[in-house]
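These notes are about the structure you will find just below.
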Amino acid sequence: MPWAFLAVTLVGAWFTFNAYLPHRRQGGLRVPSFLAGWLTSELPGHHFAWQVVATAFFVWAGALAAWPGWLGLGITLASWLGLLAMVPLARRSAGALEGSLASALGRDYRERVEAGGRRRSAPPSRSQLLVPLWMRDRAVRVSRDLRYAPGAGRRHLLDVYAPLEGVRDAPVLLQIHGGAWVVGHKRQQALPLMLDLAARGWVCVAINYRLSPRATFPDHLVDVKLAVRWIREHVAEHGGDPSFLAVTGGSAGGHLAALAALTPNDPAYQPGFEAFDTRVQACVPFYGVYDFTDRLGIDPGFVRFLERVVMKRKIAEDPEAFERASPMGRVRVDAPPFFVVHGTHDSLVPLATARHFAELLRKTSRQRVAFAEVPYAQHAFEVFHSLRTRCAVEAVGRFLDFVYEEWRAERPARAIG
């Protein structure tokens, strides 16, 4: 029993250690390190609870009868201190996010948002904190599995999240799931954000899209454009204003969201609906992939994956195709406002790529660009309810409300022009 207790404490301590220092180099440890760090850094209270229960059991069973048990107890106490320290670290996310918004939007941006009369986010409920995957809100109505394009079966379906009380001419958010362009589903990501926005008067649309290896890029982006067309034609039936559309997504979804924002009305991605207006009014990519060419020399293995699975061609044979698929290569002066969000501890998509992308946007775009490095956040950090997720949801909500209020204020001038 003492040796078994020591083994269990070493596992628990590795989870804690990995949340602070994840494995980021290429190799087989990268994905396990991400999974362990992701769950631990976002749910330290839950990890603390299972470690306390396990420790109590082993002590009751006699684990302290020999020195390995006492060593295990010392290790688990150190692990507990590390887990408890993650709570204030998660709260620091609010300051990092707020600082990025104040820098990009102005120190008085909150006053301008509040002047627009937008509802504030509600504090997280007890059920959300205890059960992080509890994704229901009584104030939100969900219309599921609506078809936005013919063919592709379930991959061309979407869900609409709208206020239960009804709404009219509400701003609209399009959510694009991640999953390395090969997996994922519209009900798996950004649910805390969509539920919060819908409860506050937005209409949110989450889509499936065709996946690789069956699909070849740009099929994924074409589907996003098809969803934009559906929104423009049908979202008013759900209370949305088709003239204001923001787009968001995480990881591969962040890549597609950024490309959708940077390729408005590009006929290459709108086969059969080339003349349709696919412009978006704001973009919020989370931990997105912004380069298919590895121009920073960080991850050549990722390029090989793209060649085999997503692009199905060699970069040496068609470098322009990889450049066109890279948001970094599509930055433009008339890009919409961006809020780029990335975790400092992301072990799957390097933070440096997000920094470079945000800098390119700031140098080129005429619109506002906010960039937040969320401290100690892993990849996919806002998938379920947590303290850090709440900070991100509130910050993104403020950004979108600000952009929407600016857009509303300029709308009469655009109409006259």
> Within the group Arg107, Arg120, Arg91, which residue is of a type in the set (Lys, Arg) and either in contact with a Leu (Cβ under 7 Å, 6 or more places away or on another chain) or assigned to a helix (DSSP H, G or I) (or both)?
Replying inline: Arg91
> What about Leu387, is it among the aliphatic types (A, V, I, L, M) and out of contact with any strand residue (DSSP E or B) (no Cβ under 7 Å at 6 or more places or on another chain)?
Replying inline: yes
> Mind checking which pairs have a first residue in segment 252-278 that is more than 13 Å from Arg330 (Cβ to Cβ) and outside the structural domain of Phe338 (by TED's automatic domain parsing) and a second that is of a type in the set (Gly, Ala, Ser) and surrounded by fewer than 23 Cβ atoms within 10 Å (Cβ to Cβ), Cβ under 8 Å, 6 or more apart or different chains?
Replying inline: none
> Quick check: anything in segment 128-140 of a type in the set (Lys, Arg), in a loop (DSSP other than H, G, I, E, B), under 19 Å from Tyr404 (Cα atoms) and more than 20 Å from the chain's Cα centre (by Cα)?
Replying inline: no
>> Checking the condition of a type in the set (A, V, I, L, M, F, W, C) and either at positive phi or in contact with a Phe, Trp or Tyr (Cβ under 7 Å, 6 or more places away or on another chain) (or both), which residue from Ala260, Ala252 passes?
In response: Ala252
>> Regarding segment 15-36, can at least one residue be identified that is crowded, with 19+ Cβ neighbours inside 10 Å, more than 21 Å from Leu77 (Cβ to Cβ) and touching a Pro at 6+ places or on another chain (Cβ under 6 Å)?
In response: yes
> Of the residues Gly301, Gly297, which is outside any helix (DSSP H, G or I), farther than 27 Å from Ala190 by Cβ and either in contact with a Lys or Arg (Cβ under 7 Å, 6 or more places away or on another chain) or modelled with pLDDT under 95 (or both)?
Replying inline: Gly297
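Per-residue answers, yes or no, for (1) in contact with a helix residue (DSSP H, G or I) (Cβ under 6 Å, 6 or more places away or on another chain); (2) surrounded by fewer than 22 Cβ atoms within 10 Å (Cβ to Cβ):
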{"position": "Arg308", "(1), (2)": "no, yes"}
{"position": "Glu320", "(1), (2)": "no, yes"}
{"position": "Glu323", "(1), (2)": "yes, yes"}
{"position": "Pro327", "(1), (2)": "yes, no"}
{"position": "Val340", "(1), (2)": "yes, no"}
{"position": "Asp346", "(1), (2)": "no, no"}
{"position": "Gln378", "(1), (2)": "yes, no"}
{"position": "His385", "(1), (2)": "yes, no"}
{"position": "Glu410", "(1), (2)": "no, yes"}
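Looking at Leu64, is it surrounded by 14 or more Cβ atoms within 10 Å (Cβ to Cβ), part of a strand (DSSP E or B) and of a type outside the set (Ser, Thr, Tyr)? Write out each step before concluding.
On the way: surrounded by 14 or more Cβ atoms within 10 Å (Cβ to Cβ): yes; part of a strand (DSSP E or B): no; of a type outside the set (Ser, Thr, Tyr): yes.
For Leu64, the condition - surrounded by 14 or more Cβ atoms within 10 Å (Cβ to Cβ), part of a strand (DSSP E or B) and of a type outside the set (Ser, Thr, Tyr) - is not met.
The values are calculated or read from the model by the stated rules, or taken from the named source; none is laboratory data. Remember, predicted model here, so these are calculated numbers, not experimental data. A quick note on method: Cβ atoms are made from the backbone with ideal geometry, for glycine too, and the neighbour counts reach across all protein chains shown.
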